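The values are calculated or read from the model by the stated rules, or taken from the named source; none is laboratory data. All values derive from a computational prediction rather than experimental measurement. Every residue, glycine among them, receives a Cβ derived from its backbone with ideal geometry; neighbour counts consider all protein chains shown. What goes into the accessible areas is simple: the full protein's heavy atoms, side chains included, and nothing from ligands, DNA or RNA. Shrake-Rupley method; radii C 1.70, N 1.55, O 1.52, S 1.80 Å.
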Amino acid sequence: MGEAYDKLSKCYKSVKKKIDFQPRVALVLGSGLGDYVKQVKVEAALDYSEIAGFPVSTVPGHKGRFVFGYVKKVPVVIMQGRVHYYEGYAMEDVVLPIRLMKMMGAEVLFLTNAAGGVNENFHAGDLMLIKDQISSFVPSPLIGPNMDKLGPRFPDMSGIYHRELRQLIKKAAKSLGISLQKGVYLQLTGPAYESPAEIRMCRLLGADAVGMSTACEAVAANHMGMKICGISFISNLACGMTDQPLSHKEVQEAADKVAPLFEKLVTESIVSIGKTLKQR
Ligand code: HPA
């Protein structure tokens, strides 16, 4: 099945040697949202650098490790820090951790990110439930020999973000009194933020939020048949929508402000998702 699969198997064996934990839900924490781990009953943690062959992240604010533990009673694996395409990794490396979490046993993938708001009705600080995505501006992680053990050559993409999980998250938000925007996430490569003309293009294409991650991970997870859900934290309105220039610092500071709401919503959502999982 090719070199990429061999590398994945090697990483999996390396993890298994160190950690004996079977997660049901995999959670990816976006920029500035890494503190969520404080809400988790942690059983073990594994730095990415301890895994043989694993791509390691370099962005400030991104800790690179898997955290294993429980959100209430739900066994989870958390990526505290993700791997970005703009760091220079091949796309198959960017999604390697997602594939690894599936191999560890996770059947649900909960994606989070910080994103720029493209929809004119959005505000900085909003949370957006991802309904669908546009990944056409980044290479597909499925290019190359198909990993038949993971999924089909030509996967269907008609329901990437699982309908039932979306309903559960909406309900969780409602019960917590958190208002939730809904929309389409568009991934660009970064690392530069977009120009005003690019943001107008994103809006014309039907995007509500723009960022530099997530969609490629969802493509890989969808290929493997994982149930996927995602929340974007709108850290800023995208370029050209306000007079302010964008900075990574601004994104992190905005994340700190919204973190308490975000944390409540993620916990409540994972608890409801946990109730839908069949006993193994
Ligand atoms: N653009 C792209 N990625 C982002 C943004 C943005 O405005 N904000 C946070 N991540």
- Task: Of the conditions (1) away from the ligand (no atom under 16 Å from the Cβ); (2) part of a loop (DSSP other than H, G, I, E, B); (3) touching a residue at least 60 places away in the same chain (Cβ under 8 Å), Gly53 clears all except one; give me its number.
- Result: (3)
- Task: Give the residue, chosen from Gly69, Gly64, Gly159, that is out of contact with any strand residue (DSSP E or B) (no Cβ under 7 Å at 6 or more places or on another chain) and under 29 Å from Gly274 (Cα atoms).
- Result: Gly159
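How about region 118-133: which of its residues are under 18 Å from Ile178 (Cα atoms) and within 13 Å of the ligand (Cβ to nearest atom)? Let's see the steps before the verdict.
Let us first name the residues in region 118-133 that are under 18 Å from Ile178 (Cα atoms), namely 121-131.
Correct list: Phe122, Ala124, Gly125, Asp126, Met128.
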- Filter result (in contact with a Gly (Cβ under 8 Å, 6 or more places away or on another chain), assigned to a loop (DSSP other than H, G, I, E, B) and open to solvent by 90 Å² or more (accessible area, probe 1.4 Å)) within region 113-147: His123, Pro145
- Does any residue of region 148-165 turn out to be open to solvent by less than 30 Å² (accessible area, probe 1.4 Å) and outside any loop (DSSP other than H, G, I, E, B)? yes
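Of these, Tyr48, Tyr36, Tyr70, which one is open to solvent by 30 Å² or more (accessible area, probe 1.4 Å), more than 16 Å from the ligand (Cβ to nearest atom) and not charged (D, E, K, R)? It would help to see each step written out before you state the result.
On the way: Tyr48 fails: open to solvent by 30 Å² or more (accessible area, probe 1.4 Å); Tyr36 fails: open to solvent by 30 Å² or more (accessible area, probe 1.4 Å).
Sole residue among the options that is open to solvent by 30 Å² or more (accessible area, probe 1.4 Å), more than 16 Å from the ligand (Cβ to nearest atom) and not charged (D, E, K, R): Tyr70.
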- Query: Which one is nearest to Ala124 (Cα to Cα) among residues in region 164-222 that are of a type in the set (Asp, Glu) and in contact with a Ser or Thr (Cβ under 9 Å, 6 or more places away or on another chain)?
  - Reply: Asp208
- Query: So which residues in region 193-207 are near the ligand (Cβ under 9 Å from one of its atoms) and either without any contact (Cβ under 8 Å) to a residue 12 or more places away in the chain or open to solvent by 70 Å² or more (accessible area, probe 1.4 Å) (or both), if there are any at all?
  - Reply: Tyr193
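Looking only at residues in region 208-255 that are of a type in the set (D, E, K, R) and more than 14 Å from Leu33 (Cβ to Cβ), which one is farthest from the ligand (Cβ to nearest atom)? Let's see the steps before the verdict.
Step one: list which residues in region 208-255 are of a type in the set (D, E, K, R), which gives 208, 217, 227, 243, 249-250, 253.
Pick out the ones that are also more than 14 Å from Leu33 (Cβ to Cβ) and you get 208, 217, 227, 243, 249-250.
Numbers: Asp208: 12, Glu217: 15, Lys227: 25, Asp243: 14, Lys249: 12, Glu250: 8 Å.
Looking at the filtered set, the residue picked out is Lys227.
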